[in-house]
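Trainee: Sharing a structure, written as structure tokens. Questions coming.
The values are calculated or read from the model by the stated rules, or taken from the named source; none is laboratory data. Being a predicted model, the structure only gives us computed values, none of them experimental. Every residue, glycine among them, receives a Cβ derived from its backbone with ideal geometry; neighbour counts consider all protein chains shown.
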């Protein structure tokens, strides 16, 4: 395992310092930023046998330095340094970083509130109300005085994703840039959307909200800063997931699998209430759905969800029913500990977050025999170089956006 460090997010060869980290831990999670932490002693050497101390004080620092974790020549994850620390008298420094998915979480849609000259139209989108929208706009710009920076009617969620991200990235100086070429293919999920002037929602949160619209989509950023998406999940459709591997009790014998537990927590709820922002000030949309057969079996118990800026009743209903469909299923905890070196193939290029495996594992009182999503993982390297990876799995259930009946 190596960590490449540098002051260039492209990891130009001339600017890279490649080191063997100590106390290395890292992890990734679907639709969220991953993280890394490790230590470097001042006597540690880079790939050219130069000591780290020879690079001088503060050769890396938060938000101006970048990291990339790799196994051989396979890049696993990358991002920016967020924390560096050391203790008086110590001979090492501690380093923490986040993956590229953290960067949009530090961005807001720009707004200049000065009134003379009038700047309130500075960042309105030229792409509003064009392409697959049914309502025309004047050059795609919302009407002056509308209080909106962006408005779309029945526009594909990937178009909205691309519109907003591109403008926030390109129309503001000094941003880290990302490759948006994969956002040209559309999902077929269309929605109405509004973004108010001076909206201070972080762009990462905005993308996550879009990812929960309709059938939804996963999104992630490669080590080379290319943004990818897949709908409804990275593994494909829950009714026919793309399985990359089947893990069984036989993996205990090979050493690939060395520990696993199974816990059944039962369903989350048999009745769900969903809330949205509505279309007027101080108004709230509310819809509730329950599922009779599950209530008969488990009794009725409730859960509520705030879906944020949802202004369309049909969209709120779909979100609420989808959440009910998920909540009716038993929640299983299946922690699995693995030794990547014992995998017969190339572990680091095969097992990526969001992908699906099939698990056939006999826990005595329960036989697990189902498709599972690799929701997250944690990796840890010992002082001897041994690596352990802990998976967090989430069972894949067929889903419906039309389940349950309206209830109070």
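Trainee: Given 305, 397, which one is at negative phi, part of a strand (DSSP E or B) and in contact with a helix residue (DSSP H, G or I) (Cβ under 9 Å, 6 or more places away or on another chain)?
Mentor: On the way: 397 fails: part of a strand (DSSP E or B).
One residue alone meets the criteria, 305.
Trainee: Quick check, is residue 159 assigned to a loop (DSSP other than H, G, I, E, B), over 18 Å from the mean Cα position of the chain (by Cα) and either modelled with pLDDT of 95 or more or not assigned by TED's automatic domain parsing to the domain that holds residue 360 (or both)?
Mentor: Values: assigned to a loop (DSSP other than H, G, I, E, B): no; over 18 Å from the mean Cα position of the chain (by Cα): yes; either modelled with pLDDT of 95 or more or not assigned by TED's automatic domain parsing to the domain that holds residue 360 (or both): yes.
Taking the combined requirement at face value, the residue does not satisfy it.
Trainee: Something else about it: Scan the range 338-350 and tell me whether some residue there is within 23 Å of residue 208 (Cβ to Cβ) and touching a residue at least 12 places away in the same chain (Cβ under 8 Å). If you could, list the steps in order and put the result at the bottom.
Mentor: Filtering the range 338-350 for residues within 23 Å of residue 208 (Cβ to Cβ) gives none.
Checking the range 338-350: not a single residue is within 23 Å of residue 208 (Cβ to Cβ) and touching a residue at least 12 places away in the same chain (Cβ under 8 Å).
Trainee: For the condition touching a strand residue (DSSP E or B) at 6+ places or on another chain (Cβ under 8 Å) and either more than 30 Å from residue 355 (Cβ to Cβ) or modelled with pLDDT of 85 or more (or both), what is the one hit in 122, 112, 46? Write out each step before concluding.
Mentor: Working: 122 fails: touching a strand residue (DSSP E or B) at 6+ places or on another chain (Cβ under 8 Å); 112 fails: touching a strand residue (DSSP E or B) at 6+ places or on another chain (Cβ under 8 Å).
From the options 122, 112, 46, the qualifying one is 46.
Trainee: Additional query: Inside the range 59-103, counting only strands (runs of 3 or more DSSP E) that do not spill past its ends, which hold 2 or more residues that are at pLDDT below 90? Steps first, answer last, please.
Mentor: On the way: elements: 66-71, 74-85, 92-99.
Ranges flagged: 92-99.
Trainee: For the range 198-230, what are the residues that are assigned to a loop (DSSP other than H, G, I, E, B) and more than 19 Å from residue 316 (Cα to Cα)? I'd like the intermediate steps shown before the answer.
Mentor: The initial filter retains those residues of the range 198-230 that are assigned to a loop (DSSP other than H, G, I, E, B), namely 198-201, 211-217, 222-225.
Correct list: 198, 199, 200, 201, 222, 223, 224, 225.
Trainee: Return the only residue of 183, 195, 206 being in contact with a strand residue (DSSP E or B) (Cβ under 9 Å, 6 or more places away or on another chain), within 18 Å of residue 32 (Cα to Cα), in contact (Cβ under 8 Å) with a residue 40 or more places away in the chain and buried (at least 18 other Cβ atoms within 10 Å of the Cβ). Write out each step before concluding.
Mentor: Details: 183 fails: within 18 Å of residue 32 (Cα to Cα); 195 fails: within 18 Å of residue 32 (Cα to Cα).
Going through 183, 195, 206 in turn, just one is in contact with a strand residue (DSSP E or B) (Cβ under 9 Å, 6 or more places away or on another chain), within 18 Å of residue 32 (Cα to Cα), in contact (Cβ under 8 Å) with a residue 40 or more places away in the chain and buried (at least 18 other Cβ atoms within 10 Å of the Cβ): 206.
Trainee: Is there a residue in the range 315-327 that is surrounded by fewer than 14 Cβ atoms within 10 Å (Cβ to Cβ) and either over 23 Å from the mean Cα position of the chain (by Cα) or without any contact (Cβ under 8 Å) to a residue 40 or more places away in the chain (or both)?
Mentor: Pass one, the range 315-327, residues surrounded by fewer than 14 Cβ atoms within 10 Å (Cβ to Cβ): none.
The answer is no; no qualifying residue exists.
Trainee: I've got another one for you. Kindly indicate whether residue 72 is under 22 Å from residue 382 (Cβ atoms), buried (at least 19 other Cβ atoms within 10 Å of the Cβ) and not assigned by TED's automatic domain parsing to the domain that holds residue 213.
Mentor: Working: under 22 Å from residue 382 (Cβ atoms): yes; buried (at least 19 other Cβ atoms within 10 Å of the Cβ): no; not assigned by TED's automatic domain parsing to the domain that holds residue 213: yes.
In short, no.
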